[in-house]
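Data block below; observations after.
The values are calculated or read from the model by the stated rules, or taken from the named source; none is laboratory data. Everything numeric here is computed off the predicted structure, so don't read it as measured data. We place every Cβ from the backbone using ideal geometry, glycine too, and count neighbours over all the protein chains shown. All accessible areas refer to the heavy atoms of the entire protein, side chains included, with ligands and DNA or RNA removed. Shrake-Rupley method; radii C 1.70, N 1.55, O 1.52, S 1.80 Å.
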Amino acid sequence: MAHAYTPGLRVSAKTNLRKTRRLPLTGDVVVEVGDIVSADDIIARTELPGNVTPLNIVNQLGIVAEDAPHCMTKEIGEKVEFNEVIAESSSFFGLFKSTAKAPVDGTLESVSEVTGQVIIRQDPVPVELRAYVDGKVGEILEKEGVVLETNCSFIQGIFGIGGESSGEIQVVTESESEPLQPTLLDESHAEKIVVGGNLLTLDAIEKAQELGVKGLVAGGIHDTDLKEILGYDIGVAITGSEDIGLAIVVTEGFGEISMAERTFKLLKENEGRKASINGATQIRAGVIRPEVIIPSDADEDAPVEATPDVVAGGMSAGTLIRAIREPYFGQIGEVTKLPAELVALPTEAKVRILKAKFSDGEEVIIPRANVEIIEED
Amino acid sequence: MTIPDNINVILATDCGSTTTKAILIEKVDGEYRLKVRGEAPTTVEAPFEDVTRGVINAIEEVEELSGRQILKEGEIQTPVDGDKGVDIYISTSSAGGGLQMMVSGVVKSMTAESAERAALGAGAIVMDVIASNDGRLPHERIERIRHLRPDMILLSGGIDGGTVKHVVELAELIEAAKPRPRLGSGYNLPVIYAGNKEAREEIEDTLANVTDLQIVDNLRPTLEQERLGPAREKIHDLFMEHVMAQAPGYKKLMNMTDAPIMPTPGAVGNLMQTIAEDENIDVVGVDIGGATTDVFSVFEDTFNRTVSANLGMSYSVANVLAETGLENILRWVPFDIESSDLRNRIVNKMIRPTTIPQTLVELKLEQAIAREALRLAFEQHKSFATSLKGVQRARDISDTFDQSMAGETLVDLESLDLIVGSGGVLSHAPRREQAMLMMIDAFLPEGVTELAVDSIFMMPQLGVLSTIHREAATQVFEKDCLIRLGTSVAPFGSMKKPKEAMKIELTLPSGETLSKTLNYGELSMHPMTFRETATGEVTPLNGLDLGKGKNNPVKVELHGGEAGLVFDARGRRPFGLSDKGEMRINKLNQWYSAMNIYPEE
C-alpha cells in the first residue's frame, strides 16, 4: 500500500491546541465564547437519567398480573420513597392484606398487566464537565460542550492509564536515559506531575501513589509492573478509566527505553509550570493518545502560530526516525536511503525498507512499517 | 438495483476498518478470473468522513493496474462499453465498527442462543446476550442495555404458543432502559422481535412507541426447530437502512452499488456455505485479523459463525496473552526467552499494531502467538456450534452406543474435509508451510483433512458476489482466491511410550512408491504440488485410529498443494506436547525442521 507508514507522536514546543469537551448526554453549557477558564472550572452540566429498579408485585401480593394496575396505591408519575407501600391486595373480605414496598426512592414509571412488573426510576444523577485545561472558550457546541483553545506545549505519549488530572511539572532524573527510582521521590512531589527518564519502576509508582503524586511521565514501563499496578493484564489498549489515584503517560513503549531527547528537554524547560495530563489511550479506529498539555503564559487573545505538523510519509534522506520494533527497538537514526524495490528480510518476507544510520555510525536496514518519524519543529 | 443477465466484468470492494480493498473480475475464455486487486486506506473517520473516497482511491489503483477505465467523472461507469466500465459493482463493509448488536432471549441456552446464532450468522458483533436466566438482577440488565448503545437489538423468547410473560418482561426491561442507537440520535433504535407469536400484541404495546419495532417469524417456533432465515434477512435490511445510512458517506456508496452492501463477515459466511453445499463437504474457515478472529463452520449442512472479538494479532494481541497465559504461548516457542521480555514484545505490538517481524526470532514469536489465538477462537467456536439444546430425543436400541446428546458440538474433527485460513499472519506467512503447520497445531484436525489459505483475502467480495452470481464467485474462489496447501493425515489416540504410530504405503504421481513408518511424536512432510494426487493406504498402529477403528487401515486419496502432504503422528486427545523446557524445545525444532518451515539461521 502506498500510504503505509506510522505517523510519529506529536511533540510540540508551541502550538494552539483546540480541545473539544463534550458531555455524555445533552445538557447545559455554562460558559460563553471568549471566557477564560482554568482546568478545574465547570463548563457544562447535565443529568444522567436515574437508575431503573424493577419490582414484580405478582408474587408479593399473591395476585395475577392483570390485576397489578388495580392494586397500586401510587399513580404513575408519582414520587415514592424507600420502603413506602406502593401496592396492596386484600383477601378474605379484607381480613388479610399483602403489601409491596418501594425498594428505592424514585418515581413510579410503569406497571405491566402482562407481567406484573412495576418500574421505579430513581432521581437523575448530576454530571459536571470540567475544563481540564486552562484556556479560552473558542466555540460552543450547543447543549453538548465547548471547544477550548489554548496556547501550549503539547506532548503525546504512546500508552497511558488513569484519567484526567493536573499539576505542576517536576523532572526528577538527570537525563532521559535514567530510570525513575523511588528514591527520587519525596513529600514535595505531592500534587505534582513527575517526569523520569527511561523507566517507571513498580516501586516508584507505588511510592508516587502513597505521596499523592498526580501524574507520572517516563519513556518506558515493564508490562509485568503494569499488571502488578492494575491487578490484571491489559488486553486491548483502551484505557483511561483505571482508578489508580494518578495518571501515567509512557512516551516510548514497554521495556526500558530512553525518552526521546526532545520530549525530555521540553518537559525540563517547562519545569515548575502547571500542566494537564490524561492517560486515556485508545489504539483502534478513532485513536486517542495519552497527553501532557502545558499551557503557556502568553497573551490568551493572541493565538500562536501552530507548529506545522510534519506530513508523515514524506520521509526522505536525512529524516530522523525511531525504530519501533526489535531488533533496533527504541534506537534513533537518520534515513540514508529509501530504495523503491522490495527487499527480503531475514524472515524471507519481501517488504519495503529504508536504510538508516544510528548515532554510533552503524547503518542498518529496517522495514518502513517499523519506524516512526520524529517530528522536528 | 437490477442485475444484468450477461455479466463479463465485475468490480467488488470490501471497506474494512483500516483498508478498502477492490478486486476486478473478468470473464476470459468462458471463465471468470481475478484480473487485479487494488487497495487504499479507508476514509470513514476524520478528516475525510466519507467512505467513498477510499473506495474511489482503491478503484483508481485497479484502473492503473488493469489499464481499464472504470471511473467517469468520479462515478463508476456501468455497463461495460468496450474496454471501459464494469457490468456490476458490489461491496461489503466492516468499517466504523461493523454491525454491533445486542440479543435477548428467555432461556440462555435455548432462545437466547438461537438469537445469538442468528445475529452472528448475519455478520454482527454480539455485544451482550441478555436472558431471563443470565444470573443478573433485572436492574443490572437494564443498566447494561442502557450503556451498550448497539446498532440494533434482536429480541426472541418462547416457542410459538408458549408462555408470553417472560418475553414481555424482557421487552419491559428494554423499554425501561430506553436504549439509544450507537450512530446518530435522530431515530429510534431498531428492535427485531423474533419470539413467540402469541406475544406480538403485548410486545407492540410495550415497544412500538419507544423503538423502531420490526416483527418477524419466531426463530425458535418449536424446541426442535430453529429458523434463523427471517431474522437474519431483517438484520441485513436494517443494517442497510439504519446503520449504513448513518455512517459517513454510505448513502453515496449505497447508490453506487448494484446489490445491497453486506456486513463483511456475513458475506464470508455466505461463501463458506456455498462451497460446502457445492462440494458437499464439511468446512472450517478462520479469519484472523488484528483485532478479532472469526471462525465459520459448516457441519451436517449447519452453518455457524463465531467472532472472538478480542483475539487478534495486533490491537488485541495482548489479550491473547491475557486469555491463554504466558505458558501456553511459550510452549510453541522453539528457544528460551525471558518471560518479561516476551511480555514487553507482545504489548509493544499492541501499541504499534502496524509493525512487522524483521528477525526470525520475532517471526517465530508471532507465529507462536497466532497458534494460541487460533486455538482459543476455535475452542470458543466449538462450544457455540452445537446441536439445539433443550430438545427431547427419542432413543431406540440402535442408539445404545451412540452417546451424542442434545447440545453437543457439531464440530467433528474427524469428518472435517477442508480448513480455509485467512488473515495476515496466515495469508502473508513467508513460507506456506508455516501457515499449514500453524493451522494444524491450532485446530488439530484428525484423519484426512485438506488445508488452504485465502491468498489475498477476497472472500468478502466473493461472498456478496455469490448472492448474485454464484458461478463467477465459485470460479474465482477456486482458481484465484484459494491456495491449496496440501493434506494432513493425523491418527487420533495417544501413547505413554513412543512406539510405531502409522504406516504409510502410497503410490505417488510419478509412479514411485512412498513407504514409511512414523513413530509416535513424529511429524513428516512429503512435498507434492497442487493437482497432484497420491493414492494408497495408511495404517494407524498400536491403538491409534484414523476413523475406521483402532489399528484399521484406511484407503486414501491425498491431494498436494504448495506445502504438500503432512503426516502427523503427534497424537490427539490429548495432543502430546512436553512441558519440560529442553525436551519441548528439541521436539519443536524437530517438527519445524521436518516441515522445513524456517530458514537456517
**Item:** Verdict on A:SER110 being hydroxyl-bearing (Ser, Thr, Tyr) and either more than 28 Å from the chain's Cα centre (by Cα) or surrounded by 21 or more Cβ atoms within 10 Å (Cβ to Cβ) (or both)
**Value:** yes
**Selected residue [assigned by TED's automatic domain parsing to the domain that holds B:VAL538, at pLDDT below 90 and within 20 Å of the chain's Cα centre (by Cα)] from B:PHE477, B:PHE457, B:PHE443** = B:PHE457
**Message:** For the stretch B:82-100, which positions are at pLDDT 90 or above and either outside any loop (DSSP other than H, G, I, E, B) or out of contact with any Pro (no Cβ under 9 Å at 6 or more places or on another chain) (or both)?
**Reply:** B:LYS84, B:ILE88, B:TYR89, B:ILE90, B:SER91, B:THR92
**Prompt:** Do we find that A:VAL127 is in contact (Cβ under 8 Å) with a residue 60 or more places away in the chain, surrounded by fewer than 22 Cβ atoms within 10 Å (Cβ to Cβ) and aliphatic (A, V, I, L, M) in this structure?
**Reply:** yes
**Prompt:** If you take the residues of the stretch A:332-372 that are touching a helix residue (DSSP H, G or I) at 6+ places or on another chain (Cβ under 6 Å) and outside any strand (DSSP E or B), which of them is farthest from the other protein chains (Cβ to nearest Cβ)?
**Reply:** A:ARG352
**Tally, over the stretch B:335-365, of residues that are more than 7 Å from chain A (Cβ to nearest Cβ), open to solvent by 30 Å² or more (accessible area, probe 1.4 Å), in a helix (DSSP H, G or I) and not hydrophobic (A, V, I, L, M, F, W, C)** = 2
**Message:** Looking at (1) in the same structural domain as B:TYR187 (by TED's automatic domain parsing); (2) without any contact (Cβ under 8 Å) to a residue 60 or more places away in the chain; (3) in contact with a Gly (Cβ under 6 Å, 6 or more places away or on another chain), which one does B:GLN246 not meet, given that it meets all the others?
**Reply:** (2)
**Request:** Would you confirm whether any residue within the stretch B:238-257 is open to solvent by 10 Å² or more (accessible area, probe 1.4 Å) and either of a type in the set (Phe, Trp, Tyr) or under 18 Å from B:LEU120 (Cβ atoms) (or both)?
**Result:** no
**Complete:** Selection from the stretch B:1-35 of residues open to solvent by less than 20 Å² (accessible area, probe 1.4 Å), away from every other protein chain (no Cβ under 14 Å) and in a strand (DSSP E or B) yields B:VAL9, B:ILE10, B:LEU11, B:ALA12, B:THR13, B:ASP14, B:ILE23, B:LEU24, B:ILE25, B:TYR32
**Asked** How many residues are open to solvent by 70 Å² or more (accessible area, probe 1.4 Å) and in contact with a Ser or Thr (Cβ under 9 Å, 6 or more places away or on another chain) when one looks only at the stretch A:26-52?
**Response** 3
**Item:** Among the candidates B:SER308, B:SER297, residue that is within 21 Å of B:ALA435 (Cβ to Cβ), open to solvent by less than 10 Å² (accessible area, probe 1.4 Å) and either in contact with a Lys or Arg (Cβ under 6 Å, 6 or more places away or on another chain) or modelled with pLDDT under 85 (or both)
**Value:** B:SER308
**Request:** Output the number of residues of the stretch B:365-405 satisfying the condition of being among the β-branched types (Val, Ile, Thr), at pLDDT below 90 and under 21 Å from the mean Cα position of the chain (by Cα).
**Result:** 1
**Fill in**
Among helices (runs of 4 or more DSSP H) entirely inside the stretch A:166-285, those with 1 or more residues being within 14 Å of chain B (Cβ to nearest Cβ) and touching a helix residue (DSSP H, G or I) at 6+ places or on another chain (Cβ under 7 Å) are A:202-211, A:223-230
